[in-house]
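One structure is given below, encoded as structure tokens.
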Amino acid sequence: MDKKLRSAVIAGNWKMNKTPAEASALIGEMIPLVKDADCDVVLCVPFVDLDAAMNAAKGSNIKIGAQNCHFEKSGAFTGEISADMLSSMGVEYVIVGHSERRTYFGDTDVTVGKRLKAALDAGLVGILCVGEYLEQRKQGITAELCAMQVKIALQGLTAEKLKNVIIAYEPVWAIGTGETATSDQAEEVCAVIRETVEAMFGKASADAITIQYGGSMNAKNADELLSKYNVDGGLIGGASLKAADFAAIVSAASK
Ligand code: PEP
């Protein structure tokens, strides 16, 4: 399949950065820089910034997402936010299973899968993050590990629901470290992820799914990473906090 037939998606992950006022200002800076993008442009912002971000992005091609959601619809889960709460306020995307959630907040492959299903049931697009720690890469288990993470998270989904899933391959050793996977390393694992989807859902679904690379992607390395057949976009942390850097990555994905 021609890669160009798949949706290219550049998504920013602001992590725990920016107040609502700062979020509005940064989105205001980004709007003119990304307005001609030939890819989907998403910003995943902190919960408290969602309202301001959606207002600031109104009328532009920037879509807004959250960085996590709980799998229950409501209940005694102090500090959590449900997928229904997000969709009811007009949020369109949500990240699930980011490595920082897995490492610091106890998310497991199973709970990530539950969060993804809740997101899809609520009508959100879920950005499912998978990826290996450096130790696991050294042990030579990257492919198996990422395939396993994908299999557990996508277990039980229909091909129809899968249409609202984006998978982000994010090697943990490359996140926020300035150390990027080579384009060949990114391509190799993204290809494994696509094969895993094919084994579960068939070729048409595998051909159509958007697979991103994430991990210190920036204005300089985006072109090379995004040139790979199985890399359909990027999940961008640090560089999404600077309008010009983020816009340069969006431009690279628009070629
Ligand atoms: C991320 O937070 O998903 C990420 C890829 O971060 P960074 O681009 O800063 O490595």
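The values are calculated or read from the model by the stated rules, or taken from the named source; none is laboratory data. All of these numbers come straight from a predicted model, not from anything done at the bench. Here Cβ is always computed from backbone atoms with ideal geometry, including for glycine, and neighbour counts include all displayed protein chains. Calculation scope for accessible area: heavy atoms of the full protein, side chains included, ligands and nucleic acids excluded. Shrake-Rupley method; radii C 1.70, N 1.55, O 1.52, S 1.80 Å.
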request  = Kindly list, by first and then second residue, each pair from a residue in segment 169-194 that is touching a residue at least 60 places away in the same chain (Cβ under 8 Å) and farther than 18 Å from Lys138 by Cα to a residue that is assigned to a helix (DSSP H, G or I) and near the ligand (Cβ under 9 Å from one of its atoms), limited to pairs with Cβ atoms under 7 Å and residues at least 6 apart or on different chains.
outcome  = Gly176/Gly238
task = Scan (1) within 15 Å of Lys242 (Cα to Cα); (2) open to solvent by less than 30 Å² (accessible area, probe 1.4 Å); (3) of a type in the set (Lys, Arg) for the single condition Arg6 breaks and write down its number.
result = (1)
query = Hey, does segment 72-84 have a residue that's crowded, with 16+ Cβ neighbours inside 10 Å, β-branched (Val, Ile, Thr) and in a loop (DSSP other than H, G, I, E, B)?
reply = yes
request  = Can you give me the number of residues within segment 192-211 that are of a type in the set (Asp, Glu) and open to solvent by less than 40 Å² (accessible area, probe 1.4 Å)?
outcome  = 1
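Any chance segment 217-234 includes a residue that's of a type in the set (Ser, Thr, Tyr) and not in a helix (DSSP H, G or I)? Working first, answer last.
We begin by selecting, within segment 217-234, every residue of a type in the set (Ser, Thr, Tyr); these are 227, 229.
Still in the running and not in a helix (DSSP H, G or I): 227, 229.
Checked against the condition, which is being of a type in the set (Ser, Thr, Tyr) and not in a helix (DSSP H, G or I), segment 217-234 yields at least one hit.
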ask   = Given the conditions (1) assigned to a loop (DSSP other than H, G, I, E, B); (2) touching a residue at least 60 places away in the same chain (Cβ under 8 Å), which single one is not true for Met16?
value = (2)
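Taking segment 50-65, which residues are outside any helix (DSSP H, G or I) and among the hydrophobic types (A, V, I, L, M, F, W, C)?
Start the filter on segment 50-65 by keeping residues that are outside any helix (DSSP H, G or I), which leaves 58-65.
Correct list: Ile62, Ile64.
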request  = Could you check Ser216 against (1) open to solvent by 10 Å² or more (accessible area, probe 1.4 Å); (2) free of Cβ contacts under 8 Å to residues at least 40 places away in the same chain and say which number it fails?
outcome  = (2)
